[in-house]
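K.L.:
A single structure is presented below for examination.
The values are calculated or read from the model by the stated rules, or taken from the named source; none is laboratory data. From a predicted model like this one, the values you see are computed outputs, not experimental measurements. Neighbour counts are summed over all protein chains in view; Cβ atoms, including those assigned to glycine, are modelled from backbone coordinates with ideal geometry. Quick note on the areas: whole protein, heavy atoms, side chains included, nothing else; ligands and nucleic acids left out. Shrake-Rupley method; radii C 1.70, N 1.55, O 1.52, S 1.80 Å.
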Amino acid sequence: MIPFDDAHRAVHYPEDRRFRIWIRPSILILLIVLALAPFVLAWVQHAFFGLPYIAPSPASLEGAPSGPHGFPVWIRWSHFFNLIFLFMLIRSGLSILMDHPRLYLNDDCTPGTEWIRFTPLMVPKDRLWTAKDDARYISPAVALPGYRHTVGIARSWHFMNVYGFVLTGVFFVCGLLTSNQWRRLVPTSPAVFVEAWNTFVHYATFHLPPEPNGFYGYNALQQLAYFATIFVMAPLSIATGMAMSPALVNRFPRYAKLFGGRQAARSIHFLMLVGFLAFVVVHVALVALTGFARNMNHIVLGTDDMRPTGMILGFIGIGVVLLCWVAAHYISWYFPRGLQHAQKAITEPVRLITLDRLIPREHYTKAQISPYFWPNGKLPVREDWKELATEGFKSYKLKVSGMVDNPVELSIDEMRAPGAEESITMHHCIQGWSGIAQWRGISMRKLIELVKPKPYAKVIAFYSFGGSLYGGLYYDTQQIYDAMKPGCMLAFEMNGEPLHAVYGAPLRLRVENQLGYKMVKWIERIEFVESEKLIGEGEGGKNEDDEYFDLLPNI
Ligand SMILES: Nc1nc2c(c(=O)[nH]1)N[C@H]1C(S)=C(S)[C@@H](COP(=O)(O)O)O[C@H]1N2
Ligand SMILES: [Mo]
């Protein structure tokens, strides 16, 4: 169980739980204009030309010989499972969003450049304000698991449910294509756009258009809305979700550019969430307005009659969905470790053979270096680090020990000697922000070759001078084979200057195909061990132990 002691309360349930949405005025005006324009046009058309005529749809004439009849059992169950998975994704997505409650269209994430923020706070300029300080509270009634800075648990739910969502989607689309049900959803003539507009004019001016019986076919607007939700919004959500993977983006920077960059992809990912919610609201409202009992029988029972059974079973189904939400909260707070392990068992094998194979290639220029780089973590308060800092880390020696043939102690100058490496890369924090910086340091491959790990050493542990969120020193681990990959280095310079205290002086790790929390700052010593299970709580790092983060976060 997650202890709700003072330290956890202060993080998860802070005093300031205000919620504010601020949208950049130019974007807000644009959104309002885009949203209102069709309604204004519809009213104008209605005022001058009256309601447009809508021809009865031949496909929906009851008993029409062509076209799908009713909803087979596979549609009804995929509809239900989709409801479960979609809302788990939305609710956990909101928790993830609030961990960095700002959305940008640029990859630098400089405070003040966001187009929307879900926090009343401006980033203070006169003191250190980390990305973790910036995380906001969200009610557990709205989000999974809710509270503040619960991104590790939220990601577990998000990633497990995305498998369900995708499998349901694939199953559903296969069903569509192997039956005639696709005819309901896929527009086959451009006339559908005209007719969809005419239907919209009806709704927008508070008229119900002649409603075809949904058992046999949909009206044109309904068809377009369903088509867009299934064949545009869902794939775009998945594609933009993947564009937030450091492994993918640092290997194929062009992939993120397809969406306007990593942060634009994150913004689109959020807009899809809003789109799904808007769809659900309108969909449910129209199901209720256009013959609730009959519509419920269609999708729950697959019959076309007026009995109340579909409605009753439908409400039971919704009750099951709500129970799933409650159960997910219960699991989150009482069995977070089990949840973390379940997510690992389900998703890690796939990530090992896909994302983990991608070797980062630096692809950024000096001109792209971010003017601002969000800091994270707690500056060390240990006296030995402070003393080293006052003398500019001249007598600092990195201690490399453990299961190696050649343990060493290296000063920064000695690390520079065998030839430093340099790269300009994009940093991806688990919270959602990114930043581009130039790093210079010694490659881990060189260090590994120097110290000669014993054959049974498999893991490298990096210990920090700095503390962690809930107490204890920060540490993290890398598998040796991962640390041997290009792009893994111990950096002592950032953007052409010795590492600033805030960014991890004197030495920090860079692993370009993983998320930021793997990149230990203020490194004191390195140890080669047999397994990460022997250190700390055994999960592979302080965040993995205390905040249920992934051991191998390449997305
Ligand atoms: N010692 C230590 N290292 C740490 C952290 C920390 O809390 N303590 N935070 C990590 C996280 S979550 C991120 S995103 C990066 C942030 O690096 P930056 O401050 O250079 O942006 O450092 C990582 N290294
Ligand atoms: Mo992070």
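K.L.:
Kindly provide the set of residues from segment 273-295 that are over 16 Å from W115 (Cβ atoms) and either open to solvent by less than 10 Å² (accessible area, probe 1.4 Å) or aliphatic (A, V, I, L, M) (or both), ordered by number.
P.N.:
Our first condition is that a residue be over 16 Å from W115 (Cβ atoms); within segment 273-295, this holds for 275-295.
Selection gives L277, A278, V280, V281, V282, V284, A285, L286, V287, A288, L289, A293.
K.L.:
Something else: Tally up the residues in segment 183-202 that are part of a helix (DSSP H, G or I) and surrounded by 15 or more Cβ atoms within 10 Å (Cβ to Cβ), please.
P.N.:
Count: 12.
K.L.:
Could you check segment 240-260 and list, in sequence order, the residues that are small (G, A, S), surrounded by fewer than 23 Cβ atoms within 10 Å (Cβ to Cβ) and over 26 Å from A143 (Cβ atoms)?
P.N.:
Of everything in segment 240-260, just one residue is small (G, A, S), surrounded by fewer than 23 Cβ atoms within 10 Å (Cβ to Cβ) and over 26 Å from A143 (Cβ atoms), namely G260.
K.L.:
So, one more: On the basis of being open to solvent by less than 50 Å² (accessible area, probe 1.4 Å), touching a Phe, Trp or Tyr at 6+ places or on another chain (Cβ under 8 Å), in a helix (DSSP H, G or I) and within 29 Å of H149 (Cα to Cα), does A342 make the cut?
P.N.:
no
K.L.:
Quick check on my filter: what residues within segment 1-28 are among the aromatic types (F, W, Y) and either outside any strand (DSSP E or B) or surrounded by fewer than 14 Cβ atoms within 10 Å (Cβ to Cβ) (or both)?
P.N.:
F4, Y13, F19
K.L.:
Which condition number in (1) at pLDDT below 95; (2) in contact with a Lys or Arg (Cβ under 8 Å, 6 or more places away or on another chain) is the one that E62 fails?
P.N.:
The failed condition is (2).
K.L.:
One residue is enough: does segment 176-198 have a residue meeting the conditions farther than 30 Å from L41 by Cα and among the aliphatic types (A, V, I, L, M)?
P.N.:
So far as segment 176-198 goes, yes, one or more of its residues are farther than 30 Å from L41 by Cα and among the aliphatic types (A, V, I, L, M).
Conditions (1) under 23 Å from E530 (Cβ atoms); (2) more than 28 Å from the chain's Cα centre (by Cα); (3) not assigned by TED's automatic domain parsing to the domain that holds R148, marked per residue:
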{"position": "N406", "(1), (2), (3)": "yes, yes, yes"}
{"position": "D413", "(1), (2), (3)": "no, yes, yes"}
{"position": "E421", "(1), (2), (3)": "no, yes, yes"}
{"position": "I424", "(1), (2), (3)": "no, no, yes"}
{"position": "G432", "(1), (2), (3)": "no, no, yes"}
{"position": "R440", "(1), (2), (3)": "no, yes, yes"}
{"position": "P453", "(1), (2), (3)": "yes, yes, yes"}
{"position": "G467", "(1), (2), (3)": "no, no, yes"}
{"position": "G471", "(1), (2), (3)": "no, no, yes"}
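K.L.:
Hey, can you tell me all the residues within segment 430-473 that are farther than 28 Å from G419 by Cβ, away from ligand 2 (no atom under 15 Å from the Cβ) and part of a loop (DSSP other than H, G, I, E, B)?
P.N.:
If the condition is that a residue be farther than 28 Å from G419 by Cβ, away from ligand 2 (no atom under 15 Å from the Cβ) and part of a loop (DSSP other than H, G, I, E, B), then Y456, Y470, G471, G472 are the ones that fit.
K.L.:
Against the definition (within 16 Å of ligand 1 (Cβ to nearest atom) and in a loop (DSSP other than H, G, I, E, B)), how does P375 come out, yes or no?
P.N.:
So P375 passes the test.
K.L.:
So which residues in segment 488-534 are open to solvent by 20 Å² or more (accessible area, probe 1.4 Å), more than 9 Å from ligand 1 (Cβ to nearest atom) and more than 20 Å from D550 (Cα to Cα)?
P.N.:
E493, N495, G496, E497, P498, A501, E524, R525, E527 - these are the residues of segment 488-534 that are open to solvent by 20 Å² or more (accessible area, probe 1.4 Å), more than 9 Å from ligand 1 (Cβ to nearest atom) and more than 20 Å from D550 (Cα to Cα).
K.L.:
For segment 123-173, name all the residues that are away from ligand 1 (no atom under 15 Å from the Cβ), in a loop (DSSP other than H, G, I, E, B) and surrounded by 20 or more Cβ atoms within 10 Å (Cβ to Cβ).
P.N.:
R136, A143, L144, P145, G146
K.L.:
Of all residues in segment 438-463, which are within 11 Å of ligand 1 (Cβ to nearest atom) and either buried (at least 22 other Cβ atoms within 10 Å of the Cβ) or charged (D, E, K, R) (or both)? Write out each step before concluding.
P.N.:
In the first step, residues of segment 438-463 are kept if they are within 11 Å of ligand 1 (Cβ to nearest atom); the result is 439, 462-463.
Scanning segment 438-463 gives W439, F462.
K.L.:
Quick one: which residue in T205, T229 is closer than 23 Å to M296 by Cβ and either open to solvent by less than 30 Å² (accessible area, probe 1.4 Å) or at pLDDT 95 or above (or both)?
P.N.:
Working: T205 fails: closer than 23 Å to M296 by Cβ.
Answer to the check: T229.
K.L.:
Which count do you get for residues in segment 368-386 that are farther than 23 Å from S464 by Cβ and open to solvent by 30 Å² or more (accessible area, probe 1.4 Å)?
P.N.:
Residues flagged as farther than 23 Å from S464 by Cβ and open to solvent by 30 Å² or more (accessible area, probe 1.4 Å) within segment 368-386 amount to 4.
K.L.:
Do we have any residue at all in segment 416-424 that's among the hydroxyl-bearing types (S, T, Y) and closer than 30 Å to A367 by Cβ?
P.N.:
Checking segment 416-424: at least one residue is among the hydroxyl-bearing types (S, T, Y) and closer than 30 Å to A367 by Cβ.
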